[in-house]
1. Could you tell me whether any residue of the stretch 298-314 is farther than 30 Å from Ala201 by Cβ and basic (Lys, Arg)?
2. Within the stretch 19-31, work out how many residues are in contact with a strand residue (DSSP E or B) (Cβ under 9 Å, 6 or more places away or on another chain) and farther than 15 Å from Ala125 by Cβ.
3. Could you pull out the residue among Arg343, Arg312 that is assigned by TED's automatic domain parsing to the domain that holds Leu194 and in a helix (DSSP H, G or I)?
4. Looking at Thr197, Thr246, can you tell me which residue is in contact with a helix residue (DSSP H, G or I) (Cβ under 9 Å, 6 or more places away or on another chain), of a type outside the set (Asp, Glu) and assigned by TED's automatic domain parsing to the domain that holds Ile324?
5. Restricting to the stretch 110-132, count the residues that are outside any helix (DSSP H, G or I) and free of Cβ contacts under 8 Å to residues at least 24 places away in the same chain.
6. Kindly list the number of the only condition in (1) assigned to a strand (DSSP E or B); (2) more than 19 Å from Glu229 (Cα to Cα) that fails for Ile324.
7. Out of the residues in the stretch 1-29 that are surrounded by fewer than 16 Cβ atoms within 10 Å (Cβ to Cβ) and among the charged types (D, E, K, R), which is modelled with the highest pLDDT?
8. Being within 18 Å of Ile322 (Cα to Cα), of a type outside the set (Phe, Trp, Tyr) and part of a strand (DSSP E or B) narrows it down to one of Ala223, Ala259, Ala255, Ala241, so name that one.
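The values are calculated or read from the model by the stated rules, or taken from the named source; none is laboratory data. Keep in mind that what you see is a predicted model, and the values were worked out from it rather than measured. Cβ placement follows ideal geometry from the backbone for every residue including glycine, while neighbour counts extend to all protein chains displayed.
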Amino acid sequence: MSILIVDDTAMQRQTLAALLTAHGYRDVLVAASATEAFGQLGVASSERHAPTIDLILMDIRMPGMDGIAACRRIKAVPQLHDIPIIMITSSDDTGDLQLAFDAGAMDYLIKPPNTVELLARVRSALKLKQEMDARKARERELLDLAQLLHEERERSDLLLLNILPEPIADRLKHHPGVIAEHYEHVTVMFADILNFTLLAALISPGEVVALLNEVFSAFDQLAERHGLEKIKTIGDAYMAASGLPTPRGDHATAAAAMALDMQAALAALNDGRAMPLQIRIGLHSGPVVAGVIGTKKFIYDLWGDTVNIASRMESHSAADAIQITRATYELIRDEFTCQPQGRITVKGKGEMEVWYLIAAEARHPMNVAPGVVRSAERGNGTQSTLVFAPAGFRSLPEMLLAHGPAR
């Protein structure tokens with residue numbers, strides 16, 4: 001450990017330095033004035049590259065700046081504040097000693113110092129410095145650990161928010177256990193990419209994942225923009241809901257607007273693509289139960305008749321069409337153009353009235369031309385198919401030749 005002796009008397013500096021060196025203290029520095037001491041301590045430098053000093057022996061009476069003023073200035077520097085300072089004086093004037101202690105000195109010695117007393121005070125001061133250094137090192141370790149824990153918690157929270165809605169994630173963090181809620185007014189959306197299995201067989205696995213990521217990332221941005229909650233993706237299908245976990249009165253309007261934007265987003269992604277993608281979308285509004293299931297891999301999911309019907313609306317829809325039920329139609333009819341499609345037979349529900357969502361304004365023309373019947377179960381158990389050929393195709397056969405049959 002290093003010791004700095006500050007004394008304007010050369011003999012006194014040399015005597016103290018020789019005594020300390022003789023007793024094993026090899027790193028002993030000397031300064032003839034407070035100014036010289038400041039230079040060795042780096043007080044006047046913004047970049048403190050000066051040698052580390054562990055103890056200062058400071059003469060009280062010095063020309064220019066005395067030891068008390070020098071002590072006060074050293075203690076005012078945060079990086080130097082913990083260096084113990086022992087004042088050395090030729091008198092036992094209690095007034096000077098009190099000023100020295102007030103300035104931050106930890107001890108004092110009377111000139112000429114007794115060797116035993118000097119060594120005892122030096123050992124005590126250096127031991128205190130070691131303890132302070134060790135404490136500061138532990139504090140730094142604790143601060144580093146706290147920062148690391150904070151960063152890990154943030155990463156964990158971000159990961160949780162990628163899986164669960166924020167209100168649900170907060171509840172799960174503070175109250176672990178089963179989370180289940182009933183929502184009376186929700187619009188559920190299902191979207192499916194048509195003929196993706198056939199397309200996937202023609203491209204590499206990496207291209208399959210990249211394509212799905214491109215499409216679903218665009219849908220994720222739309223969900224965030226319109227305030228829908230993405231529930232999950234299953235293969236080439238996308239599921240979202242409006243009106244949960246935070247209820248909203250315009251849940252159906254938001255879902256309808258997102259569905260139309262999904263069509264536009266896919267059209268933009270198809271620009272220049274040799275094999276353009278098509279989607280069909282289904283919407284239904286009603287009550288659902290939502291909650292978190294699982295103990296290791298959490299998933300926020302929905303259950304209920306509303307979910308099943310929304311899925312049926314998608315699977316019974318036509319290519320590039322958005323099919324909605326009467327429940328959804330009644331909620332958006334004043335804000336969107338919808339085309340009635342009559343009644344279809346839905347498994348488990350019987351016949352249901354359905355509409356195609358066309359546009360957000362009544363003057364917008366319909367973007368699909370009716371073709372033949374799409375897939376739907378009839379009352380006698382037989383299946384028929386009604387496909388709406390998208391704009392750009394004159395007939396159903398032309399569409400099928402270009403893209404293959406709808407699944």
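1. no
2. First, the residues of the stretch 19-31 that are in contact with a strand residue (DSSP E or B) (Cβ under 9 Å, 6 or more places away or on another chain): 20-21, 25, 27-31.
Next, only the ones that are farther than 15 Å from Ala125 by Cβ stay: 21, 29-31.
Going through the stretch 19-31 one residue at a time, the tally reaches 4.
3. On the way: Arg343 fails: in a helix (DSSP H, G or I).
Testing whether each residue is assigned by TED's automatic domain parsing to the domain that holds Leu194 and in a helix (DSSP H, G or I) leaves just Arg312.
4. The unique qualifying residue is Thr246.
5. Pass one, the stretch 110-132, residues outside any helix (DSSP H, G or I): 110-114.
Then drop every residue that is not free of Cβ contacts under 8 Å to residues at least 24 places away in the same chain, which leaves 110, 114.
Of the residues in that region, 2 qualify.
6. Status for Ile324: all satisfied but (2).
7. The extreme case among them is Asp27.
8. On the way: Ala223 fails: part of a strand (DSSP E or B); Ala259 fails: part of a strand (DSSP E or B); Ala255 fails: part of a strand (DSSP E or B).
After ruling out the rest, the residue left standing is Ala241.
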